[in-house]
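Structure record follows, encoded as structure tokens.
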Number of protein chains: 4
Amino acid sequence: MPKLRPETMAARRDEILAAAAACFARQGFHQTTIADVIAESGLSAGCIYGHFAGKDELIQAIGEQRHARDAALLTAARDSSDPLDGLRAIARAALADMQKEDGLRSRRIALQLWAEALRDDAIRVQVTEGVRRPIALIAELLQGGQRSGVIDRAINPRSMARTMVAMFQGFVLQRLWGEPFSTSEAMAAFEALLSGLATRR
Amino acid sequence: MPKLRPETMAARRDEILAAAAACFARQGFHQTTIADVIAESGLSAGCIYGHFAGKDELIQAIGEQRHARDAALLTAARDSSDPLDGLRAIARAALADMQKEDGLRSRRIALQLWAEALRDDAIRVQVTEGVRRPIALIAELLQGGQRSGVIDRAINPRSMARTMVAMFQGFVLQRLWGEPFSTSEAMAAFEALLSGLATRR
Amino acid sequence: MPKLRPETMAARRDEILAAAAACFARQGFHQTTIADVIAESGLSAGCIYGHFAGKDELIQAIGEQRHARDAALLTAARDSSDPLDGLRAIARAALADMQKEDGLRSRRIALQLWAEALRDDAIRVQVTEGVRRPIALIAELLQGGQRSGVIDRAINPRSMARTMVAMFQGFVLQRLWGEPFSTSEAMAAFEALLSGLATRR
Amino acid sequence: MPKLRPETMAARRDEILAAAAACFARQGFHQTTIADVIAESGLSAGCIYGHFAGKDELIQAIGEQRHARDAALLTAARDSSDPLDGLRAIARAALADMQKEDGLRSRRIALQLWAEALRDDAIRVQVTEGVRRPIALIAELLQGGQRSGVIDRAINPRSMARTMVAMFQGFVLQRLWGEPFSTSEAMAAFEALLSGLATRR
DNA sequence: GATGAATGAGCCTTCATTCAT
DNA sequence: TATGAATGAAGGCTCATTCAT
């Protein structure tokens, strides 16, 4: 990788990544050829290889983009006041994102990465790292709820956080397969789970 | 291409599929070459192509096997007595299967299929069909619970069934990525959800 | 090649050759697979290889059949009375054969053999042998005509015989390519050539 | 697949076609593998597939080259003065070409194409188109002869033109099979035919 | 820095042929 | 003798990657 002027470089990288993301979302990693990315970006093979060492690095970079997107979502949803409301805000943000064209496209790539994580260690680390933050945040909120007495002490915050994340991952899958899916339905189900966490009298 | 007698055929098909499943679980669909399947099966290229039109058909057939496995799991878990116990039995069966080597291997393939469903219509149909049955069965149990008064009438059975399936799909993902994961943790989370469905007094 | 009872053997051979001829005429030598011949004949691979050493021998045998057909045609057209009428009879027989479905099918194979003769010595010998007899016969008739004074002595019988055969070969080509082609047209052209051979006064 | 600049492309295309022509003339279409063309050209598989979609397109292009060669031959032979001399010039040009190494090589390919025309429609069109021009030109000359009174009005120009072409096609066949064949012999035969066309007194 | 023509290892697939039953 | 399942060498083609300009 030759060293380029940082600004130009960053701009080109983004250009390439945007093209790659479009291709990946449309055709998947393995069905996408470098030629596709070249056509989509309007650049040349040499140029792409000037910025990325190869297809794998391109996938890796796309994975980082996704990681960042999820982190941003989470940050935006952060609502420190009430623990339960904080959980609801996160849920709502995630579900809303899934209804936007942009969000869906990003999830299509996510699913590719989930599968890829099975055999590419770098991607597995990326994926599990990406999932760690929401889990930690949710677990914290749950602990907050336990401290303030609204959530049952018997609940294991980490397990429950993982379960909630699992739920949303499943929602993503079903949504991507084209199953009819409304945000309110999902929120209602989430509320049921929340009510199951309430302190027993 | 050669016309084979049904009996001979079935045996070889299974042999080939077993080899293919091993390869697919280990390396994924796209990283697996026909040469890999040949090596794994100990058969020849021509023999494989005598039974399957190509790699795609092999993937398709593997998908059907998985479909069948899930159906069998579900049937085995069927416990007609109490609705809530029925749900618990299904959850337990699914979670137990995920702890077995065999079950895990099968899930690795499932994840591949989930991703593949994004661009292969035949596989998408297979995957969504495969998910329809558990959803229907769970929804039925939930309705049974509503009829017998142990589950809140306000719950939408279909949505909740979908949510439960989503939860398990997410568990599968996390398990496959190597996250520490105990059946009892997951069952506890499931119980919390169940308690959230209970009729409010 | 195992030794079979001569009658059965001959019958099977013919069965196989008939199937092969049908395939070859339809698809050409190279586009025809042994599997095609198997399907067309209703026999098995092993059976075919019991009678023919391989595809090449099959082609060779088909070539001999064609050779024989032409020879039969020629014999039938033989009309010893008048030399010029003898030539006309041969021409008419050849042209008539080209109008029959059966004759056309055989010519399709002939054209394949003509091309094959370029690189297969055995076939080249077959083809040139097959052409030698008509040339010899025509040359004889021409010489007869020269002796009886109806044909110009300046004519080289062999060259002219070759030319006449060439003409018919060309007719075959054009007929096979689907060019409109009537027997009477061709006969008229042949008559013009004949009149060009007449003794100059 | 790569988009090439027209100039670069044309040069490489010719290089590839030259190599392909050499292989095809030597071994025939079906016996020639892409590997042969690669070896002959000194290029790589990828390069060849960058210029031609596949073997079929290569054959097609070779067919066009041949077409062009014949057209050039015809144009060069065009001698507008006397109709009969025009016909002689064409005959002589065609026969002379058959004696040159280059011409022979080209005819070997022609014969392949003639056979291929039986099952490939694109090639059949190419071949019949290629034959249409000489026929038309010869028919015109014959009509000219009829107008100027040197050729019998009873002759059908088109049929006779087709016959002459057929004759030369047959000459080509025999020449390719290695039959002894002198230009003067063939010209003498052609003269005989011409004299058969002369106006009857 | 960018270009794009060229590379070539490797993939999927076909099909003539064999051989145990 | 016939069967037909199995073989495996070989062919056509793709595509990630390189490098001279």
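The values are calculated or read from the model by the stated rules, or taken from the named source; none is laboratory data. If you're wondering where the values come from, they're calculated on a predicted model, not measured in any experiment. No Cβ is skipped: glycine too gets one built from the backbone with ideal geometry, and neighbour counts run over all protein chains shown. The accessibility values were calculated without ligands, DNA or RNA, using every heavy atom of the protein model including side chains. Shrake-Rupley method; radii C 1.70, N 1.55, O 1.52, S 1.80 Å.
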Along Cα-to-Cβ, 7 Å out, sits the label point; list in nm, shortest first, how far the one on D:SER44 is from those in the other copies. 1.7, 3.3, 4.8
Express in whole angstrom the spacing between the alpha-carbon centres of the stretch C:123-201 and the stretch D:1-64. 40
Taking amide H atoms as placed 1.01 Å from N in the peptide plane, list the residues 5 or more away in sequence, or in a different chain, whose amide H sits under 5 Å from that of B:ILE151. B:GLN146, B:THR199
Output wanted: per-residue J couplings in Hz (rounded whole) for the stretch C:158-174, from phi through Karplus 6.51 cos²θ - 1.76 cosθ + 1.60, θ = phi - 60°, x for Gly and Pro. 5, 4, 5, 4, 4, 5, 5, 4, 4, 4, 5, 4, x, 4, 4, 3, 5
Which value, in Å², gives the accessible area per residue of the stretch A:55-197 when a 1.4 Å probe is used on the protein heavy atoms? 40
Shortest first and in nm to one decimal, what separations exist between D:ARG133 and its copies in the other chains, measuring from label points 7 Å along the Cα-to-beta-carbon line? 4.0, 6.8, 7.0
Taking the dipole about the Cα centre of the stretch C:1-114, with the C-beta of Lys and Arg at +1 and of Asp and Glu at -1, give me whichever of C:THR32, C:GLY86, C:LEU111 is farthest to the positive side. C:THR32
Closest approach to the axis - chain A beta-carbon, rotation onto D, Å: A:GLY46, 3
Which whole-Hz couplings ³J(HN,Hα) result when phi for each residue of the stretch A:122-134 is put into the Karplus expression 6.51 cos²θ - 1.76 cosθ + 1.60, θ = phi - 60°, listed in order with x for Gly and Pro? 4, 6, 4, 4, 4, 5, 5, 4, x, 8, 5, 4, x
Given an 8 Å cut-off on Cα distances and at least 6 residues of separation, report the relative contact order of chain B as a percent. 19
Quote the charge dipole size of the stretch D:1-53 about the Cα centre in Debye, to the nearest 20; the model charges only the Cβ of Lys and Arg (+1) and of Asp and Glu (-1). 160
Give the nm distances, rounded to one decimal, from C:ALA122 to the matching residue in every other copy, measuring between label points 7 Å along Cα toward the beta carbon; shortest first. 3.4, 4.1, 5.8
Between C:ALA139, D:ALA136, A:ILE155, whose Cα lies farthest towards the positive end of the dipole of the protein assembly as shown when Lys and Arg beta carbons carry +1 and Asp and Glu beta carbons carry -1, centred on the Cα centre? D:ALA136
Assigning unit charges at the beta carbon (Lys, Arg +1; Asp, Glu -1) and nothing else, what dipole magnitude in debye, to the nearest 20, does chain A show about its Cα centre? 460
Give a residue-ordered list of calculated ³J(HN,Hα) values for the stretch A:142-147 (Karplus: 6.51 cos²θ - 1.76 cosθ + 1.60, θ = phi - 60°; whole Hz; x for Gly, Pro). 4, 4, x, x, 5, 4
Ignoring everything except DSSP H segments at least 4 long, calculate the 222 nm mean residue ellipticity for the protein assembly as shown; use -39,500 (n - 2.57) per segment, divide by total residues, nearest 500. -26000 deg cm²/dmol
With +1 assigned to the C-beta of every Lys and Arg and -1 to the C-beta of every Asp and Glu, and no other charges, what is the dipole magnitude of the protein assembly as shown about the Cα centre in debye, to the nearest 20? 500
